[in-house]
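Below is one structure, written out as structure tokens; the observations come after it.
The values are calculated or read from the model by the stated rules, or taken from the named source; none is laboratory data. These numbers come from a predicted model, not from an experiment. Glycine gets a Cβ as well: all are built from the backbone with ideal geometry, and neighbour counts include every protein chain shown.
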Amino acid sequence: PADLPEMDVSDEVRALAKLDGPQLRQRWQDLVGRPAPSVSPKLLRLALAVATAHGWWEELLQNPERRISDLARTHGLTKSWITRTLRLAFLDPAITEMILAGKAPAHLTQRALRSEESVPAVWADQRARHRINASI
């Protein structure tokens, strides 16, 4: 989404897992520039992962010679982790907006979105798979 900030995500993924509620909300404020929605830390981590995915995808678009292995090396993560996180950049925009607004259903978690089949190419299939109302 256009309103996601540019961000340096070096060590970001590891750091988010260690933050408690207030620290996580402050990180959201720092990255997004507005107060974090009143949601669980789990949903806030998902929203920040979506923002991270969009940032990484933008890095790849801006430099077509850059590879997933380059991202992994730069950010100190595995190629597998980068790939699983990058999938979040291809979520249906309606699902992305739900997540960023703090309105995603409780069953929509990072774990639920990590597998290869969790983000089908067709947005309607994504909504069906994750039981998201198509009228969003």
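List of remarks:
- If you go through segment 22-63 and keep only what is more than 23 Å from residue 86 (Cβ to Cβ) and of a type outside the set (Ser, Thr, Tyr), you end up with 22, 23, 25, 26, 29, 33, 34, 35, 36, 37, 39.
- Candidates 95, 132, filtered to the one that is closer than 23 Å to residue 44 by Cα, out of contact with any Phe, Trp or Tyr (no Cβ under 9 Å at 6 or more places or on another chain) and modelled with pLDDT of 90 or more: 132
- Residues of segment 85-136 satisfying the condition of being assigned to a loop (DSSP other than H, G, I, E, B) and among the β-branched types (Val, Ile, Thr): 109, 119, 122, 132, 136
- Breaking point among (1) touching a helix residue (DSSP H, G or I) at 6+ places or on another chain (Cβ under 9 Å); (2) touching a residue at least 40 places away in the same chain (Cβ under 8 Å), for residue 118: (2)
- Matching entry among 48, 71, 113 (being in contact (Cβ under 8 Å) with a residue 40 or more places away in the chain and surrounded by 19 or more Cβ atoms within 10 Å (Cβ to Cβ)): 113
- Filter pass, residue 10 being of a type outside the set (Val, Ile, Thr), surrounded by fewer than 21 Cβ atoms within 10 Å (Cβ to Cβ) and at pLDDT 70 or above: no
- Identity of the residue in segment 59-84, assigned to a helix (DSSP H, G or I) and acidic (Asp, Glu), that ends up modelled with the lowest pLDDT: 59
- Test: residue in segment 82-104 that is more than 25 Å from residue 130 (Cα to Cα), surrounded by 15 or more Cβ atoms within 10 Å (Cβ to Cβ) and touching a Lys or Arg at 6+ places or on another chain (Cβ under 7 Å): no
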